[in-house]
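Asker: Here it is, the structure in full.
Nothing in this text is a laboratory measurement; each read-out follows from the coordinates by a stated rule. Worth saying up front: this structure is predicted, and the values here are computed from it rather than measured. Quick reminder, even Gly has a Cβ in these numbers, built from the backbone with ideal geometry, and neighbours come from all protein chains shown.
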Amino acid sequence: MVARSPSRAVAVYCAASLGKQKAFQAAALSLGYALSVENRPLVYGGGNTGIMGVVSGAVSKAKGKVTGIIPYAIFAAGGEKDKGNGRATVHTVSEVLDDTQREEIETIVVNSMHERKVEMARRVGAFVGLPGGFGTFEEMLEVITWNQLNIHNKREAFPFAGLVSALTSAAFPLLVVYEIAVVLLNVLSYYNPLRELIKNGIREGFINPRNEHLVIFVDGPADHSEHETFDWGKAALEAIDSWQYDKSQILPFHWNKDEDSSDLTHVKAEMNGTPPMLHALKATNGWLKKVWHVRVRSRV
């Protein structure tokens, strides 16, 4: 079963640098305040500098929940460093980055960059990208790819003991797969080159046309002079809420042995003579038995 993720938390990928345009910082402020007002927790990379610092500071200042996830190596080195050559051009930046407010931010230290991504992904129901550099590009493209390959789609168990017992003579949960929206805030058309790259990939046969919907570009006003005052936060949340996950072509891969993480609504053929839903139920039972076995062994 496929559905929209029930999690209200949002992962935001962005730069540890401020950038040269005031509109980039204003968009981060707008997004941070919107998340807080709508009671949507922020999950981000844990940095205090640049756009990272602006968006997390905005959420914290408005009494919202903030969780920063940072690799140990970066944490031990004193946190994220400014990798660009931008200059602060807006007074509100210094007002938002308040040390007292930052004490309320939950910080989780993990072992590696990959663990950081996994921890962020498993906590949220949507991803939003603000302007950034190589790290932001890589993170956004990876979560788009994860959606396409069905890797990080959320899975949650719902008990249907009677139905399951009737089908398999064993009671265990039915897994529901949750799709996750990916939104890019195209402030000052910053992400236009990426959008054109995606379109070119479709033209040249490397990207399925349906998968253009795996990422939503929020463009803002046609007049760039209005981007500093545009409500990017409201636009981002509207894009998340309106995202139609079923328009994309998700690949039905089974990424873990004995665990069906595929989109069962797209499976038409029977597997080894077993109806797809029953196959998924039996696969889930096998997965639960494996988990239980590991837990029991760990207690011995």
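Asker: With bins 5 Å wide starting at 0, give me the P(r) of the stretch 1-76 over every alpha carbon pair, in whole percents.
Answerer: 3, 17, 26, 22, 14, 10, 5, 2, 0, 0
Asker: Estimate the FRET efficiency between ALA73 and SER225 by the formula 1/(1 + (r/R0)^6), using the beta-carbon distance for r and 45 Å for R0, to the nearest 0.05.
Answerer: Computed FRET efficiency for ALA73 and SER225 comes out at 0.60.
Asker: OK, next. Per 0.36 nm of contour for each residue apart, how much would the distance between PHE137 and ARG122 grow if the chain were fully extended, relative to their Cα-Cα spacing?
Answerer: Full extension of this stretch gives 3.4 nm more.
Asker: If packing is taken as the average count of other Cβ atoms within 10 Å, what order do 218-231, 199-212, 63-76, 125-138 fall into, highest mean first? Please report the intermediate quantities before stating the final value.
Answerer: Working: 218-231: 14.3, 199-212: 12.7, 63-76: 17.6, 125-138: 21.1.
Going from most to least packed, we get 125-138, 63-76, 218-231, 199-212.
Asker: Taking Cα pairs under 8 Å and at least six residues apart, what relative contact order does the stretch 1-80 come out at, in percent?
Answerer: Dividing the mean separation by the residue count of the stretch 1-80 yields 32 percent.
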